[in-house]
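Just below is one structure, and these are the notes that go with it.
Read-outs throughout are calculated quantities, based only on the coordinates presented, and are distinct from any laboratory measurement. Remember, predicted model here, so these are calculated numbers, not experimental data. Glycine gets a Cβ as well: all are built from the backbone with ideal geometry, and neighbour counts include every protein chain shown.
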Amino acid sequence: MGAMETIKLNDSGAAVEDVQHRLSRIGLLDEACIDGLFGPETAKAVASFRSQAQLECGDEVDEKTWAALVDASFCLGDRTLYLRMPHFHGHDVQQLQKALSALGFACGDIDGIFGAFTELALRKFQTNLGLPTDGIAGAYTYAAIRNLHHSWEGKEAVRGSSHLGFARAAGVLERNALCLFGTQEFTRSVASRMSNLALATNPASKIVSADNLLVAPDEQMLLVHIVLPEEQTGNAPRVGFAPEETLSMRLESALEAAMQADPARIAVELPGSMWEDAGVGRSAQHFAITLLDALCTALAKR
């Protein structure tokens with residue numbers, strides 16, 4: 001296979017149009033400029049792209065520029081992704097990593113490279129959603145990620161001290177014995193999803209739902225009662241879910257109080273069975289992800 005011919009100023013044809021479509025897709029060229037003619041606007045867009053991609057200065061599309069442009073213009077769902085050598089890399093891989101990380105499935109560095117950490121995170125996500133656990137991002141996996149867009153879109157991967165991110169809290173999950181339970185269908189669903197997420201993150205997790213327990217919870221387990229506003233919880237410390245930004249801090253103080261009581265128990269009050277307009281299933285998933293993340297953050301500080 002011969003070397004690619006450089007695409008440059010005053011060239012025309014299908015190759016130029018392809019370059020223009022890709023530049024437009026990543027926001028560097030107006031759609032009105034897609035005409036198959038490599039004019040000054042296209043040259044300017046190519047120069048901008050080369051600068052962004054940390055390539056040598058220039059306004060021509062050589063082999064390296066073309067390869068980088070192809071990578072940058074893939075969007076989530078455009079192609080099937082899986083672990084291979086050489087690794088898949090590109091914007092779509094980065095979007096997948098961001099979605100998985102925001103959902104709590106750590107991928108390591110969000111570097112746009114589909115490596116072993118990304119495949120492991122994807123398998124854990126698939127396990128949690130009841131999908132075939134093959135580590136392949138295909139149609140069913142993309143559909144599941146799109147269905148959960150309320151929970152990850154626009155969010156950064158949880159970093160720093162404000163949140164631990166439960167996928168990075170394997171030790172916390174293994175060290176702390178918690179029994180999650182609800183007394184209504186929706187709150188039981190949230191508890192079960194939290195348990196599934198915890199187990200998918202660390203199979204040795206001791207944070208489990210009452211439905212998953214094979215025996216009655218012992219006195220060493222902290223009971224976490226997930227409730228809706230109208231439910232009564234007796235004298236147990238009761239933590240409101242909102243605002244989400246301070247949930248982990250409020251849980252931390254409630255946990256301290258609960259540990260002095262017998263049985264050790266807290267209640268977490270959800271705002272209702274609907275989060276924004278996400279539907280019942282996606283709402284339960286959002287509450288599960290956010291609450292488990294906050295619980296792990298609070299437990300890590302004890």
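Applying 1/(1 + (r/R0)^6) with R0 = 45 Å to the Cβ-Cβ distance of Glu185 and Asp35, what FRET efficiency is obtained, to the nearest 0.05? It comes out at approximately 0.20.
Working from Cα positions, state the angle (0 to 90°, nearest 10) between the long axis of helix 40-52 and the longest principal axis of the chain. Roughly 50 degrees between the two axes.
Determine, for each peptide in 277-290, 139-152, 77-90, the mean count of other beta carbons within 10 angstrom over its residues, then list the peptides with the highest first. Each step should come with its number before you reach the end.
Working: 277-290: 19.6, 139-152: 16.6, 77-90: 14.9.
So the order, starting with the most tightly packed, is 277-290, 139-152, 77-90.
Scattering from region 177-288 was approximated by placing one identical point on each alpha carbon and applying the Debye formula without solvent; log10 I(q)/I(0) at 0.11, 0.20 1/Å stands at -0.33, -1.15.
Counting alpha carbon pairs within less than 8 Å and at least 6 residues apart, what relative contact order, in whole percent, applies to the chain? Working shown, then result.
Numbers: 509 pairs, mean separation 39.1, N = 302.
The normalised contact order for the chain reaches 13 percent.
Between helix 280-300 and the chain there is an angle of about 70 degrees, using the helix long axis and the longest principal axis of the Cα atoms. As a calculated quantity, the FRET efficiency between Glu174 and Glu56 at R0 = 45 Å, using C-beta atoms, amounts to about 0.35. Rounded to the nearest 10 degrees, the inclination of helix 247-258 to the longest alpha-carbon principal axis of the chain is 20 degrees.
Over region 58-150, what is the relative contact order in percent, taking alpha-carbon pairs closer than 8 angstrom and at least six residues apart? Write out the running numbers ahead of the final one.
On the way: 115 pairs, mean separation 23.5, N = 93.
Relative contact order here is 25 percent.
Stretched out fully, how many nm does the piece from Glu231 to Glu63 gain, at 0.36 nm a residue minus the Cα gap?
Numbers: separation 168, 0.36 × 168 = 60.48 nm, distance 6.40 nm.
Gain on extension, Glu231 to Glu63, equals 54.1 nm.
For Ser48 and Asp109, the difference between the fully extended length at 0.36 nm per residue and the C-alpha to C-alpha distance is 19.4 nm.
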